[in-house]
1. Counting pairs of alpha carbon atoms under 8 Å apart in space and at least six apart in sequence, what relative contact order in percent does the range 99-205 give?
2. Using only Cα atoms, locate the centre of the range 300-317 and the centre of the range 204-238, then give the distance between them in Å, rounded to an integer.
3. Quick one: helix 269-282 against the long Cα principal axis of the chain, what's the angle to the nearest 10°, folded into 0 to 90?
4. Taking Cα pairs under 8 Å and at least six residues apart, what relative contact order does the chain come out at, in percent?
5. Determine, for each peptide in 96-102, 140-146, the mean count of other beta carbons within 10 angstrom over its residues, then list the peptides with the highest first.
6. List LEU281, LEU128 from most exposed to least, where exposure is judged by having the fewest other Cβ atoms within 10 Å.
7. What is the ratio of the Cα radius of gyration of the chain to 2.2 N^0.38 Å, with N the residue count, to two decimals?
8. Over 25 Å between Cα atoms, which of LYS92/LYS213; LYS168/LYS213; LYS92/LYS182 qualify?
Amino acid sequence: MKAMQIARRGGAFEPVERPTPEPAAGQVLLKVEACGVCHGEDVAIHGHWPGLSYPIIPGHEIIGTIERLGDGVGGFHVGQRVGVGWSGGGDKVTGLTVDGGYAERAVAAAAALVAIPDGIAPLEAAPLMCAGVTTFSALRASKARMGDLVAIQGIGGLGHLAIQFARKAGMRTVAISRGAQKEALARDLGAHSFIDADAEDVGRALAALGGAKVVLATAPSATAISAAVSGLVRDGEVVVVAGGADKLDLAPMQLLRRVGIRGWVGDGVPDIVDTLRFSVLTDVRPRVEPFPLAQANEAYTRMLAASVRFRALLVPA
Ligand SMILES: NC(=O)c1ccc[n+]([C@@H]2O[C@H](COP(=O)([O-])OP(=O)(O)OC[C@H]3O[C@@H](n4cnc5c(N)ncnc54)[C@H](OP(=O)(O)O)[C@@H]3O)[C@@H](O)[C@H]2O)c1
Ligand SMILES: [Zn+2]
């Protein structure tokens, strides 16, 4: 099978021919239909994860059909369309400690599989496996309730889904982006208001709108996240799903309005099932740009430049 692998820490994605893997007991073999390109791939590239060894095939937003069942797999059948996210079953991480979906075939633990409902196309389901479940579950677990002002910071793979989830959940939805290029698209996705972080002070702009109950930070920038804290109402919170190693810049005084800042990670089959159900029910759909498998580097570079609208997908020929 053809795959794109990372051969060493810091390396690019490189094409490789591999033998088609055998599904062991409790696993299935998937024919990959699409795999999303997540910013979280930077963890696989930079190599800071226990249990990660090279070469590794990245990719943790996999949609495929089952080609073979390993021994003891129940509840799934050959030909069925399924998805796999970050959680690879047990303590495994898809595309990080086990090979992922940047390939024509992938094996996955049955425990990590989610059945894909008929109401959603495979290319639209893929981003829900990570970007979708992360933002859906983060918003659902946040302090935001119907009618509250929720700001989504960063309009990429995660952010463009978060705007739709917030809007469909009945929240007053504000999109925050660098520059005005994405304003029309953000409003089209459901944002009631738009803040250009290059032109305005984000904290002041949020305060002028009445203050945010929740800021969902998807932009991997400590500076951007720090700037949002002053835009919270009393008892509001910044929920950080973005990665990054830079230090936040916050004065303790800023927290005394009883505001909070906390992180969130989206994973696990039950939350993916709920994300799919909500998306089908309310017509939340990712906007995707498909790329051939061989163009993984182009797709990833375009994502880093924030020029993908809004999730790049690798689609094996
Ligand atoms: N916690 C979890 O479970 C989880 C799951 C998946 C991903 N992640 C992390 O979430 C983050 C977003 O992932 P993604 O796949 O949505 O990435 P993405 O498609 O690259 O989107 C991130 C967006 O943030 C903004 N941005 C990027 N760099 C920025 C910078 N230096 N300063 C300010 N804004 C910046 C851009 O939006 P604008 O152009 O609108 O400014 C960009 O489109 C990544 O850090 C990823 O590792 C976490
Ligand atoms: Zn991801």
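1. Rounded, it is 19 percent for the range 99-205.
2. 27 Å
3. 70 degrees
4. On the way: 770 pairs, mean separation 57.7, N = 317.
About 18 percent, as a whole number.
5. Details: 96-102: 25.9, 140-146: 15.7.
The peptides rank, most packed first, as 96-102, 140-146.
6. Details: LEU281 10, LEU128 31.
Taking fewest neighbouring Cβ atoms as first place, the list is LEU281, LEU128.
7. Working: Rg = 19.4 Å, N = 317, 2.2 N^0.38 = 19.6 Å.
This ratio for the chain stands at 0.99.
8. Details: LYS92/LYS213 35 Å; LYS168/LYS213 17 Å; LYS92/LYS182 36 Å.
Going by Cα-Cα distance, LYS92/LYS213; LYS92/LYS182 fall outside the 25 Å limit.
Every number here is computed from the coordinates shown, using simple stated rules; none is lab data. Values in this document were obtained by computation on a predicted structure and should not be read as measured data. Methodologically, a virtual Cβ is constructed for each residue, glycine included, from the backbone with ideal geometry; neighbour enumeration extends over all protein chains shown.
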